[in-house]
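Below you'll find the structure, written out as structure tokens, and then a few comments.
Only the coordinates and a few stated rules stand behind these numbers; no lab work does. Keep in mind that this is a model prediction, so the values were computed, not measured. FYI the Cβ positions are ideal-geometry reconstructions off the backbone, even for glycines, and counts take in every protein chain you see.
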Amino acid sequence: MNHFVNIRRDLHQIPELGFKEEKTQQYLLNYLHTLPQDRMELKKWRTGIIVKIKGLNPSKTIGWRTDIDGLPITEKTDLPFSSLHEGRMHACGHDFHMSIALGVVTYFAENPINDDLVFIFQPAEEGPGGAEPLMASKELKAWMPDEIYALHIAPEHPAGTIATKQGLLFANTSELFIDFKGKGGHAAYPHETKDMVVAASYFVTQLQSIVSRNVDPLDSAVVTIGKMTAGTVQNVIADHARLEGTIRTLSPEAMRKAKARVQSLLKGIEASFECEAEIDNGSGYYQVFNDPEVTDRFIQFAKAQTDIQFIHSREAMTGEDFGFMLKEIPGMMFWLGVGSEYGLHHAKLNPDEAAIETAISFITRYFIALGHK
Ligand SMILES: CC(=O)N[C@@H](CCC[C@H](N)C(=O)O)C(=O)O
């Protein structure tokens, strides 16, 4: 079995949430220390790592970013290397992303090219967002890439494919956390209470009108509530309810409108149900916008590879804090086909490991082509 498939399996067993990736960081450091160190420099940034491989005759710095965190999902794959961390899973493929990045680092640690290479192992992509503070950090500022790349696994495409497009690839995002505060009491005396199960339920229904009635139909948006919590027992009226969700839009303008509508709908709920509601917009990610020139060069390269099938993709409503890096640095992101019956963020996601070797080889060849070997 490919060495990096084993690494992926090791990492798959230890998923950790954003900014808690201590074991993951240690695993990555242990591996990186086994590589030739003569041209390599390492820095820790919180629970992440930045690796520089000094070029032979550098004229620029080429960057590669991988995310390293897992999700609060209980794995249901029954794989022999399933997560050992209860309620945590690499259900977004960051175990793939990391093992591929390690494969590419390994090649260049042994075979440096002319240009400098910087590999960023970034924490907290799923939330609360590591890319924005990392971009502002002195650690990355000292090694800022001139161009930067990243991939994300795509379960809907088979292994051996790469998909991307110029311009907008991923949506603008905003998290959404809402607490409703009312008055609890006996289930048999609703008239003496302010029932927050009912208030939150009405609100979830009203949220559905934002996409259908407020966002321009030629634009796109998503408002999803992924978690709803309320109450204590079946015969007590809940004095508190909490909704957790996310807003996605293809334009910053639609995001402004959707957020404003959430606020005004909430005011209506407070008035109708005589309760108080508190809204927290959590973290928001800037859209992933692929630099047209860099992406065109990448697509030409991908199309010329005989072991890769290139697919022109559409925009997706996924979010990625890599968007903050692309806001400052020319670069691009692409989808790596991993053909899984179950999609991203699913407890049964089971990506095809053949894609790991394909990706390592493809990215290595691309960097050699870019980096004046
Ligand atoms: C690629 C991917 O799945 N990314 C996540 C990013 C989540 C950002 C934030 N926690 C939010 O939900 O808004 C995604 O869910 O798209």
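A prolate overall shape is assigned to region 1-133, the ratio a/c of its alpha-carbon gyration tensor axes (a ≥ b ≥ c) being 1.5 or greater and a/b exceeding b/c.
A protection proxy built from the mean count of other Cβ atoms within 10 Å ranks the segments 61-72, 187-198, most packed first, as 61-72, 187-198. Positive contributions from Lys and Arg (+1) and negative ones from Asp and Glu (-1), summed over other residues with Cβ under 13 Å from the Cβ of residue 14, come out at -3.
If each Cα of region 172-284 is one equal point scatterer, what is log10 of I(q)/I(0) from the Debye formula at q = 0.10, 0.13, 0.20 Å⁻¹? Log10 I(q)/I(0), no solvent term: -0.31, -0.49, -0.98.
Modelled this way, with points 7 Å down the Cα-to-C-beta line, the labels at residue 139 and residue 365 are 3.4 nm from one another. For region 118-220, the Cα gyration tensor yields ellipsoid semi-axes of 43, 22, 14 Å (square root of five times each eigenvalue, largest first, whole Å).
Helix 354-370 and the longest principal axis of the Cα set of the chain meet at an angle near 60°. Across region 68-173, the volume of the C-alpha convex hull divided among the residues equals 177 Å³ per residue.
The Cα center of region 275-342 and the Cα center of region 93-126 differ in position by 17 Å. Where in region 67-140 are there GluC sites (Glu not before Pro) that are in a DSSP coil and have at most 11 other Cβ atoms within 10 angstrom of their Cβ? Here the sparse-neighbourhood loop sites are 86. Using the Cα gyration tensor of region 291-373, with a ≥ b ≥ c the square roots of its eigenvalues, what is the shape: rounded (a/c below 1.5), prolate (a/b larger than b/c) or oblate (neither)? Oblate, since a/c reaches 1.5 and b/c is not below a/b.
Let me have the 222 nm mean residue ellipticity of the chain computed from DSSP H runs of 4+ only, each contributing -39500 (n - 2.57), with the sum over all residues rounded to the nearest 500. Computed ellipticity for the chain at 222 nm equals -10500 deg cm²/dmol.
Note on residue 110 and residue 29: the model spin-label points, each 7 Å out from Cα along the C-beta direction, lie 2.5 nm apart.
What the Kirkwood sum gives for the chain is a hydrodynamic radius of 22.1 Å, with every pair of different alpha carbons counted.
Under 17 Å between alpha carbons, and skipping anything fewer than 8 positions from residue 23 in its own chain: which aspartates and glutamates qualify? List returned: 10, 67, 69, 86, 95, 125. Scanning residues 5 or more positions from residue 170 or on other chains, those with amide H under 5 Å from its amide H are 288, 316, with H placed 1.01 Å from N in the peptide plane.
The value given for region 38-105 is a Kirkwood hydrodynamic radius of 14.4 Å, derived from the mean inverse Cα-Cα separation.
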